[in-house]
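Everything on this sheet refers to the single structure shown next.
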Amino acid sequence: MEQPLLELKDICYSYHSLEGETPALSHVSFRIYKGEFTAIVGPSGCGKSTLLNMIAGLTAPESGEIIFHGGSPEQVTQQPCTLTPSCPRIGYMLQHDHLFEWRTIYQNVILGLEINHMLTPERKERAIQLLKDYDLYKFRDKKPNELSGGMKQRAALIRTLVLEPELLLLDEPFSALDYQTRLSVSSDICSIIRSTGKTALLITHDLSEAISLAGRILVLGRRPATLKCDIPVRLTLTDDSPLASRNAPEFKDYFNRLWKEISDENHRQPEFSGKI
Ligand code: ADP
Ligand code: MG
């Protein structure tokens, strides 16, 4: 049987404060395989970001296990690892681009390489190639405030990709963009990720986005989040670009199924504030 890249086993987590305990994740288990593009949807506040922080190694689970089976060919003899914040094998992209205004786009793109002491001539070359591939080369000496929101998100993705992570975590990376920009940027970014064959885990509150971008959708229930269902997405299309996939005949069936799953959660407690 194929080895998963990432395995979550029975993860539980609660936040503790003086006011008391906030259970966020309850017995969450799933596996992610190499090359998969998976979306995670669920009611607002259910624990999606907590889950991604845990996968990134920023927060440790209270109980359960997160096992990462990645590693380059020369590392295959190593044991699977628990991810740590300094582990360059994962890339984490957030809602805001977090580009530094005082650095040029090129300097921003190579920032992770600098911090991780990985700035070799080959990697600089790769950063330049990515800027060329994704139409940002002529803006390489500009500052972030001279670029559009979509261009800045592309630069943020390149900054993540130059580190050659094996797993990309994306926490609502398009939600700060206006709707039209969001459609084209999410489509662009998804095509970039697919073309590089990266394994990606995307959190989104936009059900249409999840269906058009992902090959698999994990639905979380309301807080404390449990895994409600795991839906493989198969769309019959000749042009499988994310934008075109919204026209697939099966699209509305997936949408209705997801909407029902989320609405059932709403009826359990009126907490879902996500828009579609
Ligand atoms: P989501 O990303 O699904 O919107 P989060 O993972 O951010 O949800 O949060 C899950 C729940 O945990 C929320 O109800 C939130 O209020 C609570 N929470 C998040 N961070 C903290 C924290 N640092 N301390 C206490 N509670 C928190
Ligand atoms: Mg969140």
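Above 19 Å, the calculated P(r) of region 166-240 contains 38 percent of its Cα-Cα pairs.
Close amide-amide hydrogen proximity is noted between Gly70 and Cys81, each under 5 Å apart and 5 or more residues distant or on a separate chain (H modeled in the peptide plane; Pro and chain starts excluded).
Residues Thr59, Thr196, ranked from the fewest to the most other C-beta atoms within 10 Å, line up as Thr196, Thr59. Residues Ile105, Ile67, arranged from fewest to most other Cβ atoms within 10 angstrom of their Cβ, appear as Ile67, Ile105. Annotation: amide H of Tyr15 within the under-5 Å range of Thr22, Ala24, sequence separation 5 or more or interchain, hydrogens built in the peptide plane. If you model region 88-193 as an ellipsoid using its alpha carbon gyration tensor, with each semi-axis the square root of five times an eigenvalue, the axes come out at 20, 16, 12 Å, biggest first.
By the beta-carbon count within 10 Å of each Cβ, the least crowded to most crowded order of Tyr92, Tyr179, Tyr15, fewest first, is Tyr179, Tyr15, Tyr92.
Whole-percent P(r), region 200-253, all Cα pairs, 10 Å bins from 0: 23, 51, 21, 4. When every Cα-Cα distance of the chain is counted in 10 angstrom steps from zero, the calculated P(r) takes the values 6, 28, 35, 24, 7, 0 percent.
From the alpha carbon centroid of region 149-166 to that of region 25-43 is 22 Å. Working note: Karplus 6.51/-1.76/1.60 with θ = phi - 60° gives region 205-212 the couplings 9, 9, 5, 5, 4, 4, 5, 6 Hz, where Gly and Pro are set to x. In a simple Cβ point-charge model (Lys, Arg +1; Asp, Glu -1; nothing else charged), the chain has a dipole of about 460 debye relative to its Cα centre. Along region 136-152 the Karplus relation, 6.51 cos²θ - 1.76 cosθ + 1.60 evaluated at θ = phi - 60°, assigns HN-Hα couplings of 10, 4, 6, 9, 4, 9, 7, 8, x, 5, 8, 10, 6, x, x, 5, 5 Hz to successive residues, with x for each Gly and Pro. Our coupling estimate for region 16-25, obtained by passing each phi through the Karplus curve with A = 6.51, B = -1.76, C = 1.60 and θ = phi - 60°, is 10, 9, 4, 6, x, 10, 10, x, 10, 10 Hz, Gly and Pro reported as x. Among Gly91, Asn116, Tyr134, whose Cα sits farthest toward the positive end of the charge dipole of the chain (+1 at Cβ of Lys/Arg, -1 at Cβ of Asp/Glu, about the Cα centre)? Most positive-ward Cα: Tyr134.
Coordinate-derived values only; no laboratory data. These numbers were taken from a predicted model, which means no experiment stands behind them. Positions of Cβ are backbone-derived with ideal geometry, glycine not excepted, and every protein chain shown enters the neighbour counts.
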